[in-house]
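The values are calculated or read from the model by the stated rules, or taken from the named source; none is laboratory data. In this text, all values refer to a predicted model and were calculated from it rather than measured experimentally. Cβ coordinates were reconstructed from backbone atoms using ideal geometry, including for glycine residues, and neighbour counts include every protein chain displayed. The area values use the complete protein model at the heavy-atom level, side chains included, leaving out ligands, DNA and RNA. Shrake-Rupley method; radii C 1.70, N 1.55, O 1.52, S 1.80 Å.
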Amino acid sequence: GHRSPEVRRRAAGLFAGAIDPDRQKVIDAYQAVLALRGDAKRGAGVFSKHCATCHQLGGVGNVVGPDLASLGDKSPQALLIAILDPNRAVEARYVGYTASTRGGVVYTGVLASATGNSITLVGPDGKKKVILRSDLEELTSSGKSAMPEGLEKEVKPQDMADLIAHVRSVGPRPQRKSFAGNKPGLVRPARDGSLLLSASDGEVYG
């Protein structure tokens, strides 16, 4: 995505074949992962090595991309697609940006904030970079997720199963709500099948 045609040409040659652009083909090839038994404990290690730079889960990692705890209730299939094809569904706040300065320095990352005087990018290392607008020559959006494609090159099928198990194990769990004065009790039908929800004794049933 570099603005220089020459840099784009050289990059295309260097990275040709490194990442399969057909993400559905990659997802189909990884369907066997869904039949593997994942180990959440091993998956924690996979997360720390490959994901924690940009994601946070269970207090581990950096907040660049979404907090993965919110994905814990997703199906293994949905998580597999999100991991292998990050551009299939991406929120605007997690789109990647490239900032070029007048001094010739290029920064990439997620746009954390923008004011009349400066912009702030959060880079792949989780660190913030504030760039004054007076130093900014160009700011462009890739239109794609800041999360790169090609994780399958680093994470093998069993590791992927372990990673998915870890994400699902740390996800949100439904919690029973309680209120002062509320004493939930079991409601049983009367002989005629009717249900009586009485609060006359100071208790609320539900």
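Laid out as a table, the results:
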{"quantity": "Kirkwood-type radius of the stretch 1-86, with distances r between different C-alpha atoms, in Å", "calculated": "15.4"}
{"quantity": "Label point distance in nm, LYS128-ARG3, each placed 7 Å from Cα along Cα→Cβ", "calculated": "2.6"}
{"quantity": "Contour excess over end-to-end distance, with Cα ends at LEU36 and ALA114 and 0.36 nm allotted per residue", "calculated": "23.6 nm"}
{"quantity": "Flagged links, alpha-carbon separation over 29 Å, of LYS41/LYS129; LYS25/LYS129; LYS41/LYS74; LYS74/LYS144; LYS49/LYS129", "calculated": "LYS41/LYS129; LYS25/LYS129"}
{"quantity": "At R0 = 22 Å, FRET efficiency that the Cβ-Cβ distance of GLU137 and VAL63 yields, to 0.05", "calculated": "0.20"}
{"quantity": "Reach of LYS127 by Cα under 14 Å, taken over aspartates and glutamates that are not fewer than 8 positions away in the same chain", "calculated": "none"}
{"quantity": "Positive-pole candidate from GLN24, VAL90, LEU57, dipole of the stretch 19-90, charges at beta carbon", "calculated": "LEU57"}
{"quantity": "Computed log₁₀ I(q)/I(0) - Debye formula, equal Cα scatterers, no solvent, the stretch 75-144, q 0.16, 0.22, 0.26 Å⁻¹", "calculated": "-0.59, -0.92, -1.15"}
{"quantity": "Accessible surface of THR101 - all protein chains present, 1.4 Å probe, nearest 10 Å²", "calculated": "20"}
{"quantity": "Most positive-pole-ward Cα, GLY72, ALA12, ALA44, against dipole of the stretch 12-79 from beta carbon charges", "calculated": "ALA44"}
